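Heads up, the thing below is written out as structure tokens.
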Amino acid sequence: MEQHKILFVDHTAVMGGAELSLLDLATAYSQTSKVLLFKDGPLRDRLEKAEVKVSIAQASETMLNLRTSGGLNSLTTVPELWNIAGHMTQEAKGYDLILANSQKAFVTAAIATLRGSPPVLWYLHDILTAKHFSRINRMVAVFLANRFAAKVLVNSQATGKAFVAAGGKEELLEVVYNGFESQKFDIVAIQDIETIRSQLGIGNAPLIGLFSRLSYWKGQHILLDAIKELPQVHVILVGEALFGEQEYVFKLKTLAAMPELAGRVHWLGFRDDIPALMKACDIVAHTSTEPEPFGRVIVEGQLAQKPVIATAAGGALELIEDGINGYLFPPGDAIALRRLIQKLISDRSLAETIAQQGYINAKTNFSLETILVSFTQAIAQCQQS
Ligand code: UDP
Ligand code: GLC
């Protein structure tokens, strides 16, 4: 079957989960498709290494930092929005459709439809709730989606539900989960795992990994609270503040320096060797205090054959069956998290069973191959005639 010609668009080139998802899709469609970014950054290099064509429509910082709640200030960016939408329409010539991978990319793409662009699909990676988006922001995005989107792909049912709750039309929705290559995890050499552990200098101590950008709602502080009374446990925090959350990083560092925790929290920054790092852990934790739209790290932890403990909300509920292939705990509940950690480190055979069930779940339901089929089906009817 001939592949669709897709113009993928994202406003950021920072490596968040939505951008890693885009990297996989654009790589699979590299023969026919192209990516348009509103800013240069690491995503561009990663795409080019995968032989994906990339262009940049340089947007101003004002537009990139724009919150739709910004009142009259936001009006100053209207002419720029119109121009970038024009640029996008030009770039999209000869393509079957535009796939907007972020909210700002979608708003611009919706305007591009007024300038004669091909049909626009929005791949929505966020849960549209008041916690993350202002009312006006949600209203604008949902209004534009209902009016201009040929379809809204969502990364989980939870994301779809929130879209409908915000006034979005249910008939536009199609769930396309994230997909993963298990091979990247299966090929990790024992030596690499040993090197990681010996560099940490932790001997045989139980190690818990939290793989996420440093941000309050990702809940790193919940894990640190949970291990305060587990003196043998060490933690690696993998990731950095991608969107300017420096104040939270400062608070987290202060917490980690407390006598109960000192020397047990290891800061690894942003890393590209996630499979090996996960394999070096005994448990992978996900601690978001708000519903996670999907939660790539949960599936990755399962592929690394580690027991995953995640927050019981949002997309995580679609990835973990509690007590079968992972564990769930109430958002923000450090005591419940501590109990689960204790249970898993004191019962290695239980940990092993949960890990193996998780591996089966991830391989069966979230392989990149399966997800590419569902993506291809989802976009099938949107081709321009
Ligand atoms: N990740 C990474 N390096 C890091 C920390 C995280 O490559 O240092 C990856 C992680 O493996 C996952 C993604 O970033 O694939 C984060 O996606 P997730 O859906 O968990 O959360 P998001 O940050 O997108 O909300
Ligand atoms: C977003 C969400 C995350 C999801 C990712 C990929 O970054 O916050 O939960 O896994 O997109 O869809």
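Can you give the Rg to Rh ratio of region 320-367, both from alpha-carbon atoms, with Rh computed by the Kirkwood formula?
Numbers: Rg = 11.6 Å, Rh = 11.4 Å.
We get a ratio of 1.02 for region 320-367.
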* Asked: In percent, how large is the relative contact order of region 39-163, given Cα pairs closer than 8 Å and 6 or more residues apart?
  -> 21
* Per residue Cα convex hull volume for region 218-341, in cubic angstrom? -> 101
* To do: Past 29 Å, Cα to Cα, is the threshold; run Lys93/Lys161; Lys53/Lys306; Lys39/Lys279; Lys169/Lys251; Lys104/Lys306; Lys228/Lys279 against it and keep the listed order.
  => Lys93/Lys161; Lys53/Lys306; Lys39/Lys279; Lys169/Lys251; Lys104/Lys306
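What's the Kirkwood radius of region 97-253 in Å, using all Cα pairs? Display every interim value, and only then the final one.
On the way: mean 1/r = 0.0530 Å⁻¹.
It is 18.9 Å.
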* **the chain - percent of accessible surface contributed by carbon and sulfur, probe 1.4 Å** => 53
* **Net +/- balance of residues flanking Arg338 in space, Cβ distance below 11 Å, scoring K and R +1, D and E -1** => 0
* Structure fact -> If one builds a Gaussian network model of the chain from Cα atoms under 10 Å apart, the most fluctuating residue listed among Tyr123, Tyr177, Tyr29 is Tyr29
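Relative contact order for region 231-348 using alpha-carbon pairs under 8 Å, separation at least 6, rounded to a whole percent? The partial results should precede the final answer.
On the way: 141 pairs, mean separation 22.7, N = 118.
That works out to 19 percent.
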* To do: Note down the Stokes-Einstein diffusion coefficient of the chain in µm²/s, whole number, using a Kirkwood radius over alpha carbon pairs, 37 °C, and 0.692 mPa s.
  => 152
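Residues with beta-carbon under 13 Å from that of Ala85, excluding Ala85: net charge, scoring Lys, Arg +1 and Asp, Glu -1? It would help to have the intermediate numbers written out before the result.
Details: positive: Lys104, Arg115; negative: Glu80, Glu91.
Charge balance in the 13 Å sphere: 0.
What is the sum of charges around Ser182, taking Lys and Arg as +1, Asp and Glu as -1, for the other residues whose C-beta is under 13 Å from the C-beta of Ser182?
Working: positive: Lys184, Lys279, Lys363; negative: Glu181, Asp186, Glu300, Glu369.
Net charge around Ser182: -1.
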* Structure fact -> Per the charge dipole of the chain (beta-carbon charges, Lys/Arg positive, Asp/Glu negative, Cα centre), the residue among Phe133, Pro118, Met278 reaching farthest to the positive end is Phe133
* Structure fact -> Regression test value, accessible area per residue of the chain, probe 1.4 Å, units Å², expected 43
* the chain, relative contact order [Cα under 8 Å, separation at least 6], % -> 14
* To do: Would you rank Thr289, Thr159, Thr370 by solvent-accessible area, highest first, keeping every protein chain in place and using a 1.4 Å probe?
  => Thr370, Thr289, Thr159
* Of His234, His132, which has the most accessible area and how do the rest follow, probe 1.4 Å? -> His132, His234
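The values are calculated or read from the model by the stated rules, or taken from the named source; none is laboratory data. The structure displayed is predicted, hence computed values, not measured ones. Methodologically, a virtual Cβ is constructed for each residue, glycine included, from the backbone with ideal geometry; neighbour enumeration extends over all protein chains shown. Calculation scope for accessible area: heavy atoms of the full protein, side chains included, ligands and nucleic acids excluded. Shrake-Rupley method; radii C 1.70, N 1.55, O 1.52, S 1.80 Å.
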